[in-house]
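Read the structure below first, then the notes.
No value in this document is a laboratory result; all are computed from the given coordinates. Here the structure is a predicted model, which means the values were calculated and not measured. Because the Cβ atoms are built from the backbone with ideal geometry, glycine has one as well, and the counts that use them run over all protein chains shown.
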Amino acid sequence: MTLVYKNEKPLVAITAIVAAIVWLALFLGTFGIILIYLLLGYLFFLFAHSAFISHLKGAGVRISPEQYPDLYESLVRCSNRVGVKEVPEAYLLRTDFFNALATKFLGRHFVVLFTDVVDALEDQPGAIDFYIGHELGHIHRKHLSWGPFLIPGAWLPIIGPALRRAEEYTCDRYGVACCQSPDDIKAALAAIAAGDTRWKTINIDAYIGQVSVTNGFWMSLNELTGDYPWLTKRMATAVALSEGREISHPRRSPLAWFFALFVPRLGAGGGMASLVVMVAMVGILAAVAIPQYQDYVERTRFQGAYSTALEVQHSVNAYVERHEMWPVTMQDMGYPEATLDNVENAYSIDVYDSGIIGVEMGLDELGEPEYIVLEPTVTDTGLTWTCYGQNVAAKLLPESCR
């Protein structure tokens, strides 16, 4: 079984290239001063991260041959199975989080198991191997080591979140490799999904079946801009892998792909910031799209009025040919009313002196009437017509009236 998810390596390559270009540009553009800021940033991170490591060592319980030997045995076995040569330090920590994590401090790797996970899986301890294997995946694939360098490229829309999701799929494969049976895999992921007691009664097939609803616009958008695959997909993928089956997930919404192009990855904890970016993006699109749509609706209304005016033009031609004089009212040409009103599209057509046809379309911003005007000219061969607008923006007029 290949432990690395198929998309991770190409995504790492793309992100690394972008990151290298950005770092080089920053170095050259600042004449190397960026290195000072990077050093200050690293020192700030070092002091901040030291607080967690100190809490871990001072409050957590280190897993060792003497302390929880069953967990230590799993840690050693999983490390050997996935090729982690140096067994990391591991701790059991009491938190309100239902998961596990891997971290790195001054070149030393740590795996942290949260007590809620261990307690929940007390009756199926083999499932804990999945969590251990998953975190060992981050260590073995050097996700923690390369992370700082990749930061400039990891902000890219689509690419950045896709890389994080690919890393999660990779680490799930490490978790699968460490488990003794498919039931352990199901139990580990079910516990995340349903909680510390309800996971025992979860219907795995029904839960995996929820993958079918992940292809809608909102589900697709929030996954494409997020760091984690939907847990239903992780479950389906891990189970299929353990059973030696290939699996394909529903295609995401094309519209969601388009919108996701405008949402940069803001990292863990950046969900609200991503939402703000998304709202701003939608606002900008709306500011452009709504006026464009309104213009489209208005142009359609003007085109419909012009088409009706052309029918009146034919009536004027026929009346002049028959009576050799201009009609005075619409009724002279057989229309039932003095004006031809279209209430639905808010325009009114009338005939004026010298056969001029006026289509009143409403009022402009200054309160002046807007007209489409069809004006006839008498020639040796009959009437020739000219169309133009009065108090009307040219963009709203049909092509032949501009």
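Scanning residues 5 or more positions from His109 or on other chains, those with amide H under 5 Å from its amide H are Glu89, with H placed 1.01 Å from N in the peptide plane. At full extension, Tyr42 and Glu86 could sit 13.3 nm farther apart than now, given 0.36 nm per residue minus the alpha carbon distance.
Residue by residue, the stretch 145-153 carries 3J(HN,Hα) couplings of 6, 7, x, x, 5, 7, 3, x, x Hz when phi is fed to the Karplus relation 6.51 cos²θ - 1.76 cosθ + 1.60 (θ = phi - 60°); x denotes Gly or Pro.
Label reach from Ala346 (point 7 Å along Cα→C-beta): in the stretch 290-308, amide nitrogens under 18 Å belong to 290-306. Between Asp380 and Trp146, full extension at 0.36 nm per residue minus the direct alpha carbon distance yields a gain of 75.7 nm. Taking a ≥ b ≥ c as the square roots of the Cα gyration tensor eigenvalues, the stretch 72-144 comes out oblate, since a/c reaches at least 1.5 and a/b does not exceed b/c.
Could you tell me the relative contact order of the stretch 71-155? Use alpha-carbon pairs under 8 Å, at least six residues apart, and round to a whole percent. Dividing the mean separation by the residue count of the stretch 71-155 yields 30 percent. In order along the stretch 30-47, the Karplus-derived 3J(HN,Hα) couplings, from 6.51 cos²θ - 1.76 cosθ + 1.60 at θ = phi - 60°, round to 10, 6, x, 5, 4, 5, 5, 5, 5, 5, 5, x, 5, 5, 4, 5, 4, 5 Hz, and Gly and Pro are given as x. For a quick check, take a GNM of the chain with Cα springs below 10 Å and name the residue from Val320, Val297, Val112 with the largest mean-square fluctuation. Ranking Val320, Val297, Val112 by mean-square fluctuation puts Val320 first.
Computed from backbone phi, the HN-Hα couplings of the stretch 377-383 come to 10, 7, 10, 5, 9, x, 9 Hz, rounded to whole numbers (Karplus: 6.51 cos²θ - 1.76 cosθ + 1.60, θ = phi - 60°; Gly and Pro given as x). Note on Cys401, Cys179: ascending count of other Cβ atoms within 10 Å places them as Cys401, Cys179, the fewest first.
Within the straight-line cut-off of under 18 Å between alpha carbons, the lysines reachable from Lys6 are Lys142, Lys233, sequence neighbours fewer than 8 places apart in one chain being disregarded. Amide H contacts for Gly362 (H built 1.01 Å from N in the peptide plane; partners 5 or more residues away or on another chain; cut-off under 5 Å): Glu370.
Where (1) 30, 60, 9; (2) 21, 35, 16, 18, 10, 1; (3) 25, 51, 22, 2 are the candidate values, the label of the one calculated here for P(r) over Cα pairs in 20 Å bins from 0, in percent is (2). Extension gain for the segment Ile159 to Ser400, taken as residue separation times 0.36 nm less the Cα-Cα distance, is 81.9 nm to one decimal. A protection proxy built from the mean count of other Cβ atoms within 10 Å ranks the segments 333-342, 350-359, most packed first, as 350-359, 333-342. Quick check on the stretch 298-401: take the gyration tensor over C-alpha atoms, sort the square-rooted eigenvalues as a ≥ b ≥ c, and tell me if it's rounded (a/c under 1.5), prolate or oblate. Prolate is the answer for the stretch 298-401, as a/c is 1.5 or above and a/b outweighs b/c. For the chain, set up a Gaussian network in which alpha carbons nearer than 10 Å are linked by springs, and say which option among Thr329, Thr201, Thr95 fluctuates the most. Evaluated over the chain, the most mobile residue of the options is Thr329.
The ranking of Ile128, Ile247, Ile139 by Cβ neighbour count inside 10 Å, starting from the fewest, reads Ile247, Ile139, Ile128. Mean residue ellipticity at 222 nm, helices only, the chain: -17500 deg cm²/dmol; runs of at least 4 DSSP H residues each add -39,500 (n - 2.57), and the sum is divided by the number of residues. Under the shape rule built on the C-alpha gyration tensor, where the axes satisfy a ≥ b ≥ c, the stretch 1-115 is oblate, since a/c reaches at least 1.5 while a/b does not exceed b/c.
For the residues Leu101, Leu221, Leu189, a GNM of the chain with alpha-carbon springs under 10 Å puts the largest fluctuation on Leu101. For Cα pairs less than 8 Å apart in space and 6+ apart in sequence, what is the mean separation divided by the residue count of the chain, i.e. the relative contact order in percent? That works out to 11 percent. Inter-label distance, Phe52 to Ser354: 8.3 nm, where each label sits 7 Å from its Cα along the C-beta direction.
For the pair Arg198 and Glu246, a Förster radius of 30 Å applied to the C-beta separation gives a FRET efficiency near 0.50, rounded to the nearest 0.05. Summarising the strand pairing of the stretch 69-228, around 55 percent of its internal DSSP beta bridges are antiparallel.
Find the relative contact order for the stretch 48-95 and round it to a whole percent, using C-alpha pairs within less than 8 Å whose residues are 6+ positions apart. Present the calculation step by step, with values, prior to reporting the outcome.
Working: 33 pairs, mean separation 21.7, N = 48.
Once normalised by length, the contact order is 45 percent.
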